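Worksheet: one structure, shown below.
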Amino acid sequence: MNITYDTSVRSKVVGKLPYLPLILATIVMLAPYYWMVIGAFKSFPELEAPIPTFYVAHPTLDSFYNPNWIPGSNATQEIQGLFQSYPQVQGGFLRFYANSLFIAVANTILGLVIASLAAYVLAKHQFPGRNFLFLVILASLMVPWQVALIPGFIIVRDLGWIDNYLALIIPAIPKAYTLFFLRQYMLSIPDELIDAARVDGAHEFRIWWQIMLPLIVPALIAMGLFLFLGEWNNLVWPLIVIQTGEMKTLPVVMSTMVSQMSTPINLGLVMAASLLVSLPTLILFLIFQKQFVRGIALTGIKG
């Protein structure tokens, strides 16, 4: 009886060993996020403690807003809250947040609309040079994005778009990989559906809007998450075309905050800002994770 019990326990333990690397990888990936969360709610004495702790002894919101902080004060025991920073900019940190949110949402929606229209034409229309045009678009993926920085800046400057939302939106709309992704998904849709709609008198725009888009929702969600994340974290291009404080985005602001992270006070500020910056992408993925996985899986299988 004991031998049977020991064998069953040993078999269960051995059966769970393959999950050990997965558990370790999960811990390694979640550890920085956990450290960021507890750092955002730690008090100043905990932040400056020589031995760091992995828990919050006295939770506080001072890193976000400190009612005890006095503007112009040199007191070292009070933290300037995140929402009290950048007084020279109207709205402070919330203005930067609104800039990034507007730009990311606009680029995501417009990028999906333009790419889905182009993908519909390339996937479901026959015309001379279609394959060559598609190869040219794919070839553009081989060109490093750094090559287009200087020409892009010159074009934006000549158009008078410096310090303008247009400089952050218009150049970011066309994405070759988005077009490729959606085209591969549309190839799996039967042509008979489109032919039937044309027989019923539907024009091309209506076919795209009422037939194609509802059928590629998983692909749109999957690619939309990629686009939003890319624009939300975009640093280099806004750093080039934006020069005034009111137009800065979160990655630009965060880069200056991290460079000044030399004291526990700045550390708490950076942790609070990092927590707020990470929330939109985390929330979007938790809401659309099923559609995201389904879109990736179907596109890879049916390409």
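The values are calculated or read from the model by the stated rules, or taken from the named source; none is laboratory data. Quick caveat, the model's predicted, so the values are computed rather than measured. Every residue, glycine among them, receives a Cβ derived from its backbone with ideal geometry; neighbour counts consider all protein chains shown.
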Kindly evaluate Leu168 against the criterion of being farther than 21 Å from Thr249 by Cα, among the hydrophobic types (A, V, I, L, M, F, W, C) and either under 19 Å from the mean Cα position of the chain (by Cα) or modelled with pLDDT of 90 or more (or both). no
Enumerate the helices (runs of 4 or more DSSP H) found wholly within region 59-162, keeping only those where 1 or more residues are farther than 30 Å from Leu187 by Cβ, out of contact with any strand residue (DSSP E or B) (no Cβ under 9 Å at 6 or more places or on another chain) and among the acidic types (Asp, Glu). 149-158
Considering every residue within region 213-231, establish whether at least one is farther than 25 Å from Gln90 by Cβ, at pLDDT 90 or above and in a loop (DSSP other than H, G, I, E, B). yes
May I ask you to list pairs of residues, at least six apart or on different chains, whose Cβ atoms are under 6 Å apart, with the first in region 176-199 being within 25 Å of Leu135 (Cα to Cα) and assigned by TED's automatic domain parsing to the domain that holds Leu225 and the second being surrounded by fewer than 17 Cβ atoms within 10 Å (Cβ to Cβ) and polar (S, T, N, Q)? Ala176/Ser140
Checking Ile170 against (1) among the hydrophobic types (A, V, I, L, M, F, W, C); (2) buried (at least 16 other Cβ atoms within 10 Å of the Cβ); (3) in contact with a helix residue (DSSP H, G or I) (Cβ under 8 Å, 6 or more places away or on another chain); (4) not in a loop (DSSP other than H, G, I, E, B), the condition it does not meet: (3)
For region 21-58, the count of residues that are of a type outside the set (Ser, Thr, Tyr), more than 26 Å from the chain's Cα centre (by Cα) and outside any helix (DSSP H, G or I) equals 10
